[in-house]
Amino acid sequence: MKHFFHLLLFILLTAPFANAQNEALTGFIEKHKNESGFTYAFLSKDLFEVVTRTDIQDKDWKKLHNVVKNIGSLSILAADSTENAWSLYKEVLPLVPADAFDELLTVRDGKENVRIWAKTEESAVTDLILLVGSPEEFVLVCFAGNLELGNLAELAALFEAGEVERLARTTEAVAIDFSVSPNPGSGEFTVSYDDEQDPPTLLSVIDLNGRQLSSLPLSGFAIQQVMLPELPTGLYWLQMKTRSGKVGVKQVQIVKK
């Protein structure tokens, strides 16, 4: 399967693109991410930097840092050794907005199908969707950000549900954990993180496509109030950063009355 990534690099440099959002794919991920048998990982740019600085082997997800730079966010959903992998693959296909995302490549390698879509803004790749389906394995990867693509052949080894699970475990091991309440809420939240040696200093609001909407300085207290009255109803990510540079991400839902 690795040979097709060389062709993909050429296509990325020559193909025209269109603009779109991928709310349908976000909804698919939200639908399945907590179900048994699925592995899910969401990394903001800062959290991704923390993960790739940890002591993980070069053959693992640290390679991604050398291949796809300037990631705004990375969402991954995978199911390994599942009987409905093909049905999941077919469920995703119509969710990719064909009138907005350009399909770069379709590859069938034995019983495994790989499809790749992208979009650009001002000639820069801003979103990349990678979908893998086989009789027993399903992987959906959504990149967002101002992407600089390197040796895409190195991505081939990452299209495995087992590697996705390792990334998720690594992320859980290095990220800080904080609480947000009420959730769902109207835009007024209580954020709690108690570490006197490493107090929280910054809270960022990120949309589901990895775009940073705002940054709020934190006072360092264990419990703080956060006001987000300008945000409309929807799902968002709150990213907390501590004085030492540790990062945690929590999803929140805002519901306007």
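Read-outs: derived from the displayed coordinates by stated rules, not from any lab. All values reported here derive from a predicted model rather than from experimental measurement. Positions of Cβ are backbone-derived with ideal geometry, glycine not excepted, and every protein chain shown enters the neighbour counts.
Structure above, values below:
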{"item": "Over the range 179-254, relative contact order from alpha-carbon pairs under 8 Å, at least 6 apart, %", "result": "36 percent"}
{"item": "Within straight-line cross-link reach of Lys241, aspartates and glutamates at Cα separation under 16 Å, skipping those fewer than 8 residues along the same chain", "result": "Asp46, Glu49, Glu172, Asp177, Asp194, Asp195, Glu196, Asp198"}
{"item": "The range 179-254: antiparallel DSSP beta bridges as a percent of all, rounded to 5", "result": "95 percent"}
{"item": "Local electrostatic count at Ser44 - Lys and Arg +1, Asp and Glu -1, tallied over other residues with Cβ under 14 Å", "result": "+2"}
{"item": "Filter on Lys90/Lys246; Lys33/Lys256; Lys119/Lys257 - keep pairs with C-alpha separation over 32 Å", "result": "Lys90/Lys246; Lys119/Lys257"}
{"item": "Phe221, Phe178, Phe138 arranged by Cβ crowding within 10 Å, fewest neighbours leading", "result": "Phe221, Phe178, Phe138"}
{"item": "Contour excess over end-to-end distance, with Cα ends at Glu136 and Glu165 and 0.36 nm allotted per residue", "result": "8.9 nm"}
{"item": "Anchor Lys31: aspartates and glutamates whose Cα lies under 13 Å away (excluding residues fewer than 8 positions away in-chain)", "result": "Glu23, Glu91"}
{"item": "Lys, Arg +1 and Asp, Glu -1 on Cβ, resulting dipole of the range 179-254 about Cα centre, debye, nearest 20", "result": "220 debye"}
{"item": "Hull shadow area, averaged, the range 179-254 [alpha-carbon convex hull, nm²]", "result": "4.4 nm²"}
